[in-house]
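To keep things clear, I will list the structure first and then write my remarks on it.
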Amino acid sequence: MSSTASAKPVLAVLEGRRQTIPPVWMMRQAGRYLPEYRALRANAGSFLDLCFTPDYAADVTLQPIRRFQFDAAILFSDILVIPHALGREVRFEAGEGPRLEPITDGRAIAALPPEVDQGTLAPVYETIRKVKGALSPQVTFLGFCGAPWTVATYMIAGRGTPDQAPARLFAYAHPKEFQQLVDRLVEASVSYLVEQLRAGIDAVQIFDTWSGVLPPEEFQRWCIDPARRICEGVRAKVPGAKIIGFPRGAATQLAPYAAQVPVDAISLDWMVDPAFIRTGLPKVLPVQGNLDPLALLTGGDALDRAVDGVLAAFADRPLIFNLGHGILPETPIAHVEQMLKRVRGA
Ligand code: CP3
């Protein structure tokens, strides 16, 4: 295994081997901060058209690799293609974010199909095959899905919300029905990730963007248990599949997450205290992160100091350098170049 992995630094880190220069990629590295993305986006139709047109999606996936030589490419798609493939209406309004047909009671959940429609998702797998053929051998190709809790917050509310209150209320008021929704999303995520891996993906990330709003008991039930089931389900079909977990905002609950979810690495948001990571997570567990996207937006000395801080905080364990969340659309490209120089020491 080590001979193939050593060609891909991100995979080597996921196998627990610290690299002298940490490999780097950025969450949301394909997106609006890139002029070439904005140009293609303007001609691609709706956002879902972009996700489901393999020529476009493959090109957008490769744009940040061509420009910055990141160590990983992340498949261009979205976490909300899963509700779409479960027959829910999903739209992306320009400048407003996602809009779904909200779920207000258990009937809509009972009516969900038992399986995702793989025909709807087929263009995503086609994108993977196209990108795979174009990537150089040292670049790791990452797939992803949204974690069931995070996807459910959008399905229940029908949109992004500041505090995910609609889903939290629904889960308290209708725990059985909410469990059914989470079960459906676990199964859908497993089959989606398995097909991504079969199409040529090297490793996958589970994005739990909104896990930080849950108290411990709910965090256990809606974040830890589903993530563990996704890892087990994926590896039952793809033995040894490499998986990164991103329970954003989990804070001290990173410790039970790491203890119970068999991920190969944990992606850390920018708020975590490195001192807690040193004591709360196993020393051998690889981490990914965790530059504050606002430090990247700021640039200058603030950015250099923040990059140095991340490198120093995780100097003693396998590290994939990344942001603590997605790059902001207003971020200057020169700041990304500055960050890369600082990390790579070039
Ligand atoms: O470059 C990459 O990271 C790969 C592609 C990717 C996108 N979304 C493309 C996208 C990935 C991995 C995601 C994940 C995603 N999508 C998450 C989890 C990670 C996170 O950032 O928290 C979430 C919560 C979503 C849901 C979503 N998609 C929202 C809330 C929005 C609107 C807000 C926004 O940033 O525009 C999207 C749209 C979206 N997904 C865009 C992109 C590039 C922008 C759409 C556009 O170009 O008009």
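The values are calculated or read from the model by the stated rules, or taken from the named source; none is laboratory data. Every value quoted in this text rests on a predicted model; they were computed, and no experiment measured them. Backbone-built Cβ (ideal geometry, glycine too); neighbour counts: all protein chains shown. Heavy atoms of the whole protein, side chains included, go into the accessibility calculation; ligands, DNA and RNA do not. Shrake-Rupley method; radii C 1.70, N 1.55, O 1.52, S 1.80 Å.
A few remarks follow.
- Segment Leu285-Gln138, length gained on full extension (0.36 nm per residue, minus Cα span): 50.7 nm
- Net charge dipole, the range 3-344: roughly 720 debye, given to the nearest 20, about the Cα centre with Cβ charges of +1 for Lys and Arg and -1 for Asp and Glu.
- For GluC sites (Glu not before Pro), the sites in the range 1-95 that DSSP calls loop and that have at most 11 other Cβ atoms within 10 Å are Glu89.
- Nearest-0.05 FRET efficiency for Ala259 and Thr20, computed from C-beta distance (R0 35 Å): 0.75
- Principal semi-axes in Å for the range 32-122 [√(5λ), Cα gyration tensor, largest first]: 29, 15, 11
- Close amide H contacts of Ala265 (hydrogens built in the peptide plane, cut-off under 5 Å, sequence separation of 5 or more or a different chain): Ile243, Gly245.
- Mean separation of Cα contacts under 8 Å (6+ apart) over length of the chain, as relative contact order %: 20
- Expressed as a whole percent, the accessible area of the range 234-346 that falls on carbon and sulfur atoms is 60 (1.4 Å probe).
- Ligands, DNA and RNA left out, the accessible area of the range 95-193 computed with a 1.4 Å probe is 55% carbon and sulfur.
- Straight Cα distances below 20 angstrom link Lys242 to the lysines Lys8, Lys132, Lys283, with same-chain residues fewer than 8 positions distant left out.
- Contour excess over end-to-end distance, with Cα ends at Ala315 and Leu328 and 0.36 nm allotted per residue: 2.1 nm
- Label separation (Asp183 vs Ala251): 3.2 nm, computed from points 7 Å beyond Cα along the C-beta direction.
- Inverse of mean 1/r across different Cα pairs in the range 270-346, Kirkwood, Å: 12.8
- In sequence order, the range 90-99 has phi-based couplings of 10, 10, 10, 7, 3, x, 10, x, x, 10 Hz under the Karplus curve 6.51 cos²θ - 1.76 cosθ + 1.60, θ = phi - 60°, and Gly or Pro positions carry x.
- Accessible area per residue (1.4 Å probe, heavy atoms of protein chains only) ranks Ile266, Ile79 as Ile79, Ile266, with the largest value leading.
- Accessible surface for the chain, divided over its residues, is 40 Å² per residue with a 1.4 Å probe.
- Calculated FRET efficiency, Gln118 to Glu232, Cβ-Cβ distance, R0 = 35 Å: about 0.95 to the nearest 0.05.
- Contact order normalised by residue count of the range 215-322, Cα under 8 Å, 6+ apart, percent: 22
- Choice from Phe70, Phe276, Phe52 with maximal GNM fluctuation in the chain (Cα, 10 Å cutoff): Phe276
- Amide H contacts under 5 Å for Gly16, placed H, 5+ residues apart: none
- Förster radius 35 Å - calculated FRET efficiency between Ala42 and Arg344, Cβ distance, rounded to 0.05: 0.60
- Share antiparallel - DSSP beta bridges, the range 3-344, percent rounded to 5: 15
- Taking N as its residue count, the alpha carbon Rg of the chain over 2.2 N^0.38 Å: 0.94
- For the chain, calculated [θ]222 nm from helices alone, where every DSSP H run of n ≥ 4 adds -39500 (n - 2.57): -14500 deg cm²/dmol
- Accessible surface, 1.4 Å probe, highest first, among residues Lys237, Lys132: Lys237, Lys132
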